[in-house]
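As structure tokens, the structure follows; a few thoughts come after it.
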Amino acid sequence: MKTNYDQLIFELSRDGHRASRLPASDVPALSPEAIFGEDMTREIPAELPQVTESEVVRHYTNLSHKNYGLDSGFYPLGSCTMKYNPKLNETAARMAGIADLHPHMPTKHTQGALKLMNRLSGMLSEVAGLDAFTLQPAAGAHGELTGLMIMKAYHEKRGEHQRTKIIVPDSAHGTNPSSAAVAGFEIVEIKSNPDGSVDLEALKSVLGPDTAGLMLTNPSTLGLFEKNIEAVASLVHEAGGLLYYDGAN
């Protein structure tokens, strides 16, 4: 038997129940037909639930408690774009010096934010062992496209215009093939092993002088860390390709 907390809002509906009651109108009333015309007017009333204010509040508060979130437990799997950030970070992002910035503001008024970004990119470069770091991509797929554009520029500078294929494992982000297509590459999908890892033999079979790179999600969308990552990287690099690398978890 369903309790009130398991019922749909329509199952709670009772004729005559109202979440709010408006006072009597003190201006002349117009019919819907007069406002919208007969061809835009409903022939039967909308089948909206009839519930009290307390029933509405209890129902949707209960639904919110069914969600799994930062305040109710550890969140192990997030999207590549919007994971749950520490609340301290959310507070900092709302500070006037950050939240009120505008892209067209004169640089003399944005020195604090520019210094913050410069120091952050420097720290990330040092941690990752990179010469430079960009904070420009604003989302996961945006970062994918940025990485692919870097790959294309790298190969074109080396005169290797034949490198037109991007390898995408079937356990990678679903946006990978789309990003590669937008960047002008041809997509080559390879299947995973039964354990979810990249099939090295399948990878070897598609590598060649036309390989621009491999897009690898690690941990994958299956939530698994690629145990053969060193072998995967070596094979792609030996073929002259590059690796685009991100994580799903």
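Summing charges over all other residues whose Cβ lies under 11 Å from the Cβ of residue 190, with Lys and Arg as +1 and Asp and Glu as -1, gives -2. Mean-square fluctuations from a GNM of the chain, with a 10 angstrom spring cutoff on Cα atoms, peak among 58, 94, 42 at 42. Take the Cα of residue 42, step 7 Å toward its Cβ, do the same at residue 88, and the gap between the two points is 5.1 nm.
Over the chain, accessible surface divided per residue gives 71 Å², non-protein components excluded, 1.4 Å probe. Think of the chain as having a plus end and a minus end, set by charges on the Cβ of Lys, Arg, Asp and Glu; of 63, 45, 110, 110 sits farthest toward the positive end of this dipole. For the set 179, 54, 13, the ranking by accessible area, highest first and with no ligand, DNA or RNA atoms included, is 54, 13, 179 under a 1.4 Å probe. Taking Rg and Dmax of the Cα atoms in Å as calculated from this structure, the corresponding entry among [x] 18.5, 57; [y] 27.3, 81; [z] 17.5, 51 is [y]. Counting 0.36 nm for each residue step from residue 201 to residue 19 and taking away their Cα separation leaves a gain of 59.2 nm.
Taken over the range 105-218, the alpha-carbon convex hull comes to 143 cubic angstrom per residue. Maximal additional length on extending the residue 64-residue 130 stretch stands at 19.5 nm, based on 0.36 nm per residue less the C-alpha distance.
Counting protein heavy atoms only, the chain has 58 percent of its accessible area on carbon and sulfur, 1.4 angstrom probe. Charge dipole of the chain (Cα centre as origin; +1 on each Lys and Arg Cβ, -1 on each Asp and Glu Cβ, all else neutral): 880 debye, rounded to the nearest 20.
The values are calculated or read from the model by the stated rules, or taken from the named source; none is laboratory data. Since the structure is predicted, the reported quantities are computational estimates derived from the model, not experimental observations. Note that each Cβ is placed from the backbone with ideal geometry, even for glycine, and that neighbours are counted across all protein chains shown. We work out accessible area using only protein heavy atoms, side chains counted, and drop any ligands, DNA or RNA first. Shrake-Rupley method; radii C 1.70, N 1.55, O 1.52, S 1.80 Å.
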